[in-house]
Amino acid sequence: MPKITIQPLNRTIDAQEGATIMEAAWAHGLYWPTTCGGEGICTSCACAVEEGAENLDERGRSERKTLSAELGERVLRDGRLRLACQARVRGDVVVSKPGVRPARPSALSLD
Ligand code: FES
């Protein structure tokens, strides 16, 4: 089962293979910034892939379109920036996304 490590929260979660980063975070009770609710149109969920970029599905047409429209063509040349609501996990990754936090106090992990 792939693992996603989220910084600076410093939390590692399991993900179903093929789930998006955001789906995996939600499944573990985490809040992930979004304004479109995961529809792939806002870029609020964008995260930097620090390790394991090869373990994510390649950007699809809609992800490329949203990133280039909102942030400019140059972000497409840097493969590190991904939409967490679109990037599907196939293996271990480390991502950086400030603002990710437990959605509820009960989701706080002490491990
Ligand atoms: S949540 Fe809006 S683009 Fe991902």
If I ask for residues that are within 14 Å of the ligand (Cβ to nearest atom), in contact with a strand residue (DSSP E or B) (Cβ under 7 Å, 6 or more places away or on another chain), on the phi < 0 side of the Ramachandran plot and free of Cβ contacts under 8 Å to residues at least 60 places away in the same chain, which ones from the stretch 1-41 would you list? none
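Looking at ARG101, is it of a type outside the set (A, V, I, L, M) and more than 12 Å from the ligand (Cβ to nearest atom)?
Yes; evaluated as a whole, the condition is true for this residue.
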Against the conditions (1) part of a loop (DSSP other than H, G, I, E, B); (2) touching a residue at least 12 places away in the same chain (Cβ under 8 Å); (3) surrounded by 15 or more Cβ atoms within 10 Å (Cβ to Cβ), where does SER44 fall short? Just the number, please. (2)
Does GLU63 satisfy the condition of being charged (D, E, K, R), over 16 Å from ILE4 (Cβ atoms) and not in a loop (DSSP other than H, G, I, E, B)? yes
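I want to confirm something. Restricting to the stretch 15-41 and keeping residues that are hydroxyl-bearing (Ser, Thr, Tyr) and assigned to a strand (DSSP E or B), which single residue is nearest to ILE4 (Cα to Cα)?
Checking each candidate, the answer is THR20.
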Go through the stretch 86-100 and give me each residue that's of a type in the set (Val, Ile, Thr) and either under 19 Å from GLU39 (Cα atoms) or under 9 Å from the mean Cα position of the chain (by Cα) (or both). VAL89, VAL95, VAL100
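Just so you know, all these numbers are worked out from the coordinates, no wet-lab data involved. What you see is a predicted model; the values in this text were computed from it and never measured. Neighbour counts run over all protein chains shown; Cβ positions are idealised from the backbone, glycine included.
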